[in-house]
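To start, the structure itself, in structure tokens.
The values are calculated or read from the model by the stated rules, or taken from the named source; none is laboratory data. Predicted model, so just to flag it, every value in this text is computed and none were measured. Here the Cβ positions follow ideal geometry from the backbone for every residue, glycine too, while neighbour counts run over all protein chains shown. For the accessible areas, the whole protein counts, side chains as well, though only heavy atoms, and no ligand, DNA or RNA atoms are used. Shrake-Rupley method; radii C 1.70, N 1.55, O 1.52, S 1.80 Å.
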Amino acid sequence: MSTIRRRLFLPAERADIRVGRDGRVRPVDGSAGRRRASEVIAMKPDAPLRAIAQEAGVSVGTARDVRERLRAGRDPVPQQRRPADEERPPSADASVTVLRRRTGTARQSTHWPSVRGNLIRDPAVKYAENGRAFVRWVDGHVIEPTEWGDLIDAVPPHWRKSVAELARSCAGAWLAFAQELEERA
């Protein structure tokens, strides 16, 4: 019966898909799905793998692999899966760059607006003055990579080295803050 259903609902002999021995339909070239997944991850770095997979039209395993490849700073499409004549697409480069900037050396990328949304709904934060003050403080201290360009351009050339050292110092302070939070967790 399943064989009949598959024959009824499968497009007749398409060159871009194949049917595996298990009866599942798969694309011949999965690079487009991997690129879509990398774009979804770049837009929503904290999204669950299932949501990424569903939105990009790939498997959860593929979404996981793409996320790991982006975190490592690699192209979402493995070299052996790329057609020989294909150049590296700009969207993949942009996704890798955005994720690399957001994560740096961190284990996982975190997007402040999504954390903030959950944090301000938590009664322990919402109904405590120091909780609300913390959220306001972080609002003023978190910088999105999209905002860097204007800020970097605002620093005069003769101050860039000093400001870079200050940024490293702040990054060190944030790292110490993160370690203290992890120790108390």
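For the reader, a short list of remarks on this structure follows.
- Of the residues making up the stretch 126-150, just one is open to solvent by less than 100 Å² (accessible area, probe 1.4 Å) and farther than 22 Å from Ser114 by Cβ, namely Gly149.
- Those residues of the stretch 1-33 which are assigned to a loop (DSSP other than H, G, I, E, B), at pLDDT 75 or above and either hydroxyl-bearing (Ser, Thr, Tyr) or open to solvent by 70 Å² or more (accessible area, probe 1.4 Å) (or both), in sequence order: Arg21, Asp22
- Taking the stretch 40-62 as the range and being under 15 Å from His111 (Cβ atoms) and either free of Cβ contacts under 8 Å to residues at least 60 places away in the same chain or surrounded by fewer than 17 Cβ atoms within 10 Å (Cβ to Cβ) (or both) as the test, the residues that pass are Val40, Ile41, Ala42, Met43, Lys44, Asp46, Ala47, Pro48, Ala51, Ile52.
- Listed by first and then second residue, the pairs linking a residue in the stretch 8-34 that is within 23 Å of Ala63 (Cα to Cα) to a residue that is modelled with pLDDT of 70 or more and assigned to a helix (DSSP H, G or I), with Cβ atoms under 6 Å apart and 6 or more places separating them unless they lie on different chains, are Gly33/Ala56; Arg34/Val66.
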